[in-house]
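A.B. asks: Below: one structure in structure tokens.
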Amino acid sequence: MKSIRVEAQNGTYDVMIGHGLLSHVGELVSERLKGRKALLVADDVTSRLYAYTVAASLKATGIDVATFAFPHGETSKSWSMVGDILSKAALENLTRSDFFVSLGGGVCGDITGFAAAVYLRGVPFVQIPTTLLAAVDASVGGKTGVDLAAGKNLAGSFHQPACVIFDPEVIKTLPKEQIDEGKAEIIKHAVLAGGRLYEIASSGALLDDIEEVVALNVEIKRNYIQADPYDTGCRQLLNFGHTIGHAIEKCSNYTVPHGQAVAMGMVAETKAFIKFYNEKSEILEIIQSLLEKNNIKFDIPYTAQELTQAASHDKKMASGKLNIIAPIGIGNCQLRSIPISRLEEYIESGV
Ligand SMILES: NC(=O)c1ccc[n+]([C@@H]2O[C@H](COP(=O)([O-])OP(=O)(O)OC[C@H]3O[C@@H](n4cnc5c(N)ncnc54)[C@H](O)[C@@H]3O)[C@@H](O)[C@H]2O)c1
Ligand SMILES: [Zn+2]
């Protein structure tokens with residue numbers, strides 16, 4: 001088992017990664033939490049596949065388990081679903097010393113974490129990610145929340161998990177499109193940090209050793225979280241590919257999956273950076289080749305005008321400025337800021 005400690009100012013916890021860990025959740029959690037009752041939250045798919053194993057492991061260490069399952073998919077990342085989780089916790093008489101467990105992808109982690117952040121003004125929660133994306137990204141960092149009708153992730157809270165437990169065996173049941181979602185974020189981390197993850201990504205062998213790849217990703221994300229727990233500074237580098245990526249998702253009415261949109265966004269933002277700053281750099285070819293090696297498509301099916309219109313509602317632009325990521329080289333990315341009036345010019349340079 002690999003264990004990575006995250007020491008953020010708003011919480012310290014271990015991310016544990018190892019084959020077969022789902023059957024040891026009870027011991028791992030008991031070592032860290034005193035609560036004797038857990039609310040296990042999963043979507044219908046992860047509940048059917050893995051809830052029995054996790055619940056049995058918790059019960060074997062004397063923890064009482066109540067379960068809550070919700071319909072899978074982004075539409076469940078809602079205010080009303082969080083309300084239903086809270087009602088279930090109250091009905092089961094969970095106290096402030098008890099805890100929640102999220103067993104699922106990013107949707108499950110985001111709503112369970114948010115419910116845990118507000119139940120009795122905050123109870124601990126355990127993240128058990130079951131998608132590659134949740135393992136390498138969503139389960140670490142403490143961002144929790146829901147979508148509103150006005151847009152994605154518009155309400156939420158920072159609430160760090162008590163621990164994160166990832167068992168690579170769960171990836172065996174994950175559909176290919178869902179694996180690609182995770183791959184795009186892994187490539188983003190490889191561009192930002194370089195090093196061993198970049199080496200693995202360049203060889204196109206991202207799934208040969210999932211334990212190692214997830215651990216490398218968690219270490220990279222950990223470094224940003226520790227430096228900037230509330231996402232006001234360097235953590236924004238993790239948004240690489242996401243400004244134009246979100247605009248692509250919006251233009252497609254969310255039919256282009258997030259990971260694919262981020263891949264397109266990384267290429268477009270790199271092109272825009274090179275043209276905007278008149279850079280002489282091979283970074284664009286390097287990023288395109290990384291994506292090709294890992295079979296991720298990046299051609300954008302929208303015009304600059306369509307994307308600009310979609311991007312102008314982005315919450316990241318509230319201050320009249322847009323923070324952009326400058327990929328100067330592998331392992332060397334910087335935050336820069338441009339006036340919002342140059343948004344169209346920036347996007348036009350990228351597509
Ligand atoms: N909090 C954060 O920092 C953060 C970071 C990135 C993304 N996110 C959020 O994460 C969400 C996306 O997460 P996701 O891609 O994991 O989506 P998801 O949670 O919707 O899961 C995707 C699908 O995979 C299924 N599934 C999950 N695990 C499975 C398994 N092991 N085998 C078979 N099927 C399985 C689910 O039932 C679901 O249908 C978005 O809402 C996004 O905003 C949050
Ligand atoms: Zn993302």
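The values are calculated or read from the model by the stated rules, or taken from the named source; none is laboratory data. In this text the structure is predicted, and so the values were computed from the model without any measurement. Glycine gets a Cβ as well: all are built from the backbone with ideal geometry, and neighbour counts include every protein chain shown.
A.B. asks: Answer yes if at least one residue in segment 193-209 is within 16 Å of ligand 1 (Cβ to nearest atom) and in a helix (DSSP H, G or I), and no otherwise.
C.D. replies: Looking through segment 193-209, none of the residues is within 16 Å of ligand 1 (Cβ to nearest atom) and in a helix (DSSP H, G or I).
A.B. asks: Given Val54, Val82, which one is within 19 Å of Ala138 (Cα to Cα), touching a residue at least 24 places away in the same chain (Cβ under 8 Å), crowded, with 21+ Cβ neighbours inside 10 Å and within 16 Å of ligand 1 (Cβ to nearest atom)?
C.D. replies: The unique qualifying residue is Val82.
A.B. asks: While we're here: Pick out the one residue from Ile286, Ile324 that is crowded, with 16+ Cβ neighbours inside 10 Å and out of contact with any strand residue (DSSP E or B) (no Cβ under 7 Å at 6 or more places or on another chain).
C.D. replies: None of the others qualify; the one that does is Ile286.
A.B. asks: Of all residues in segment 257-275, which are within 16 Å of ligand 1 (Cβ to nearest atom) and either at pLDDT 95 or above or buried (at least 21 other Cβ atoms within 10 Å of the Cβ) (or both)?
C.D. replies: Correct list: His258, Gly259, Gln260, Ala261, Val262, Ala263, Gly265, Met266.
A.B. asks: Further, regarding this structure: Restricting to segment 130-155, name every residue that is over 18 Å from Ala117 (Cβ atoms) and away from ligand 2 (no atom under 13 Å from the Cβ).
C.D. replies: Of everything in segment 130-155, those that are over 18 Å from Ala117 (Cβ atoms) and away from ligand 2 (no atom under 13 Å from the Cβ) turn out to be Thr130, Ala135, Ala149, Ala150, Gly151.
A.B. asks: A follow-up question, please. When you look at Gly241, is it touching a Gly at 6+ places or on another chain (Cβ under 7 Å) and either within 15 Å of ligand 1 (Cβ to nearest atom) or in the same structural domain as Gly329 (by TED's automatic domain parsing) (or both), yes or no?
C.D. replies: Here the answer is yes, as Gly241 does meet what is asked.
A.B. asks: Could you tell me whether segment 229-246 includes any residue that is buried (at least 20 other Cβ atoms within 10 Å of the Cβ), of a type in the set (Asp, Glu) and within 16 Å of ligand 2 (Cβ to nearest atom)?
C.D. replies: Within segment 229-246, not a single residue is buried (at least 20 other Cβ atoms within 10 Å of the Cβ), of a type in the set (Asp, Glu) and within 16 Å of ligand 2 (Cβ to nearest atom).
A.B. asks: Still on this model: What is the number of the single condition among (1) within 16 Å of Leu133 (Cα to Cα); (2) touching a residue at least 40 places away in the same chain (Cβ under 8 Å); (3) not in a helix (DSSP H, G or I) that Asp231 does not meet?
C.D. replies: In the conditions (1) within 16 Å of Leu133 (Cα to Cα); (2) touching a residue at least 40 places away in the same chain (Cβ under 8 Å); (3) not in a helix (DSSP H, G or I), Asp231 misses (1) alone.
A.B. asks: Pick from Val146, Val123: which is touching an Asp or Glu at 6+ places or on another chain (Cβ under 8 Å) and either assigned to a loop (DSSP other than H, G, I, E, B) or crowded, with 24+ Cβ neighbours inside 10 Å (or both)? Talk me through it step by step, then tell me what you get.
C.D. replies: On the way: Val146 fails: either assigned to a loop (DSSP other than H, G, I, E, B) or crowded, with 24+ Cβ neighbours inside 10 Å (or both).
None of the other options fit; the residue is Val123.
A.B. asks: Do we have Val54 as in contact with a Phe, Trp or Tyr (Cβ under 9 Å, 6 or more places away or on another chain) and either away from ligand 2 (no atom under 16 Å from the Cβ) or over 18 Å from Gln160 (Cβ atoms) (or both) here?
C.D. replies: no
A.B. asks: Could you please let me know if Asp43 is closer than 23 Å to Lys77 by Cβ and among the acidic types (Asp, Glu)?
C.D. replies: yes
A.B. asks: Consider Lys250 against the criteria (1) charged (D, E, K, R); (2) at pLDDT below 95; (3) part of a loop (DSSP other than H, G, I, E, B): it satisfies all of them except one. Which criterion is unmet?
C.D. replies: The number of the failed condition is (3).
A.B. asks: Can you find a residue that is under 22 Å from Asp231 (Cα atoms), assigned to a loop (DSSP other than H, G, I, E, B), more than 15 Å from ligand 2 (Cβ to nearest atom) and more than 21 Å from the chain's Cα centre (by Cα) anywhere in segment 291-312?
C.D. replies: yes
A.B. asks: Here is a follow-up. Looking only at segment 327-351, which residues are hydroxyl-bearing (Ser, Thr, Tyr) and buried (at least 18 other Cβ atoms within 10 Å of the Cβ)?
C.D. replies: Tyr346, Ser349
A.B. asks: In addition: Of the residues Lys221, Lys250, only one is within 15 Å of ligand 2 (Cβ to nearest atom) and within 21 Å of Cys163 (Cβ to Cβ); which?
C.D. replies: Only one candidate qualifies: Lys221.
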